[in-house]
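In what follows, a single structure is set out as structure tokens and then discussed.
Throughout, read-outs are computed from the coordinates displayed, never taken from laboratory work. The structure displayed is predicted, hence computed values, not measured ones. FYI the Cβ positions are ideal-geometry reconstructions off the backbone, even for glycines, and counts take in every protein chain you see.
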Amino acid sequence: MRTVTLLLCLPLAACGATRPPESPVDFEFGRLEEVARGAFDRQELPYAELAFERLLSEARRTDDAGKIGNAAYNLAAVRYALGKGESTRGLLLEARHELARANRDTSEVDVLRARTELAADRPDEALAACAQAVADPDAPPVVRQEAHVLAGLAWLRRADLPAAEAELEAAREDGADTPGALRLAARLHEARGEDEAAARAFDREATARQERSEYGLMAEALALAGRSWLRAGRTLDGADRLHRAARTEHARQRAEVALPLAREAIAALMAQVEGLGEQGLDLARRLEQLVLELDAQLAPTPPAGE
């Protein structure tokens, strides 16, 4: 079986999880998969990429369609998380073909393809992938909902607000606001110039991501909320969200992402320095300390002997 989470949380396939190993080959494959998934769960993405590459090679050797499809999908998910979306196309084609050959659901592959196309600013291709996922009779409701959210985001790239609103309504059919639906709602508020409403929706998304332990996406939502609060004229709220996003990314060992966020927050505070008050000045001091730590972490290491 394969697990699914909501928008942009990179679900990983769990091939072989429904039955015990039946041979030394199955046992070795299961061991490799456990190593690969463990690395992904710990966010050790470069190591996870290497492990899934090895897993895919082993799956291809056995010509097991289900294993090949799962391994190709998982490797594509890891590469997407590493910012290598352009290298996922061939993997996703292979995953879709092999899973279909194994008579298994392909809708999650379509959703991941839609993500990669959106990341590459190809909304038409993303919409095509979403349409395939929604039309799949075997697609689980949560996957179909995710496809509607991604389609809404793609329509926004094409500046078609009515189409995006229709996708949001489709995503909300069960009456619940998922983190993905909150992201789409916030983007719609942005497109209408409703900055405070957008900020509140991004804040709600960040809370929902936190509750699901989706900390990378939580940080992303916080940063988006921060910028919306700044556009709404709420400087302290905006800088606070940017600081929290930067702090989270720093803790996730992503200093190169954290540093611009921290500097953006400081710049916003300094533009309003005379009206900050003690709370704002305290936040500025904490941001300055964070920037010092990040600068030191990113400073190039001098060659040996210097």
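Report summary: the helix-based calculation at 222 nm, which adds -39500 (n - 2.57) for every DSSP H run with n ≥ 4 and divides by the residues of the chain, gives -24000 deg cm²/dmol. Given the alternatives (1) 101, 41, 36; (2) 69, 54, 40; (3) 70, 63, 30, Cα extents along the principal axes in Å as computed for this entry is given by (3).
In this Cβ point-charge picture (+1 for Lys and Arg, -1 for Asp and Glu), the chain has a dipole of about 160 debye about its Cα centre.
Computed over the range 230-300, relative contact order equals 34 percent, with contacts defined as Cα pairs under 8 Å that lie 6+ residues apart.
The gain in end-to-end length when the Arg158 to Ala251 segment is fully stretched comes to 29.9 nm, 0.36 nm per residue minus the alpha carbon separation. Each Lys and Arg contributes +1 and each Asp and Glu -1, all at the Cβ; summed about the Cα centre of the range 104-245, the dipole is approximately 520 debye. Here the simple spin-label model places points 7 Å from the Cα toward Cβ, and for Tyr47 and Arg192 these points are separated by 4.7 nm. On a per residue basis, the convex hull of the C-alpha atoms belonging to the range 134-280 measures out at 127 Å³. Entry note, the chain: relative contact order of 9 percent, from Cα contacts under 8 Å with a spacing of 6+ residues.
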